[in-house]
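Below is one structure, written out as structure tokens, with a few remarks after it.
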Amino acid sequence: MGRMDDVEVTQAEVAELPTAFDGSALLLDVREDDEWQQGHAVGALHIPMGDVPSRLAEVDPEATVYVMCHAGGRSQRVAQYLVRNGYRAVNVSGGILAWSAAGRPIVTDGGGAGNA
């Protein structure tokens, strides 16, 4: 994705995020498949970081896109990429670790309880 340090990205704490993700808000999880399978946020869209450029069409350009990874590093880079491409992207500070610490639910694909 190249250097994008010059792109300003809004940071959001988990407490500031919507509790449900509908048409106006999208939670994008950019972790790898094995991380996703261990547990993810309910209603999140999963596109691993390396796949984002080729799967950009899956991200609604009208939505505010909250980008999440494990601890906030990869999601920052993806959020910068999205902003550069005209999206309203927000980096979730602390990633799934902060999501879990805030008491937000984490599930597996089977619907059971997952872990960060």
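The values are calculated or read from the model by the stated rules, or taken from the named source; none is laboratory data. Not measured: the values here are computed from a predicted model. With ideal geometry, Cβ positions are generated from the backbone for all residues, glycine too; neighbour counts draw on all protein chains shown. All accessible areas refer to the heavy atoms of the entire protein, side chains included, with ligands and DNA or RNA removed. Shrake-Rupley method; radii C 1.70, N 1.55, O 1.52, S 1.80 Å.
See the values below:
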{"quantity": "Share antiparallel - DSSP beta bridges, the chain, percent rounded to 5", "calculated": "20 percent"}
{"quantity": "For the chain, calculated [θ]222 nm from helices alone, where every DSSP H run of n ≥ 4 adds -39500 (n - 2.57)", "calculated": "-6000 deg cm²/dmol"}
{"quantity": "Solvent exposure ordering (accessible area, 1.4 Å, most first) of Arg74, Arg31, Arg84", "calculated": "Arg84, Arg74, Arg31"}
{"quantity": "Per residue value of the accessible surface for region 9-105 (all protein chains in place, 1.4 Å probe), Å²", "calculated": "45 Å²"}
{"quantity": "Accessible surface, 1.4 Å probe, highest first, among residues Val107, Val42, Val59", "calculated": "Val42, Val107, Val59"}
{"quantity": "Folded to 0 to 90 degrees: helix 73-84 orientation relative to the chain principal axis, Cα", "calculated": "40 degrees"}
{"quantity": "Residue-by-residue Karplus 3J(HN,Hα) for region 47-58, coefficients 6.51, -1.76, 1.60, Hz, glycine and proline x", "calculated": "9, x, 3, x, 8, 4, x, 7, 10, 4, 4, 7"}
{"quantity": "In nm, spacing of pseudo-spin labels at Asp51 and Gln37 (7 Å Cα→C-beta vector)", "calculated": "1.3 nm"}
{"quantity": "Protein accessible area in the chain, 1.4 Å probe - carbon and sulfur %", "calculated": "48 percent"}
{"quantity": "Surrounding net charge for Gly23, when Lys and Arg each add one and Asp and Glu each subtract one, Cβ distance under 11 Å", "calculated": "-3"}
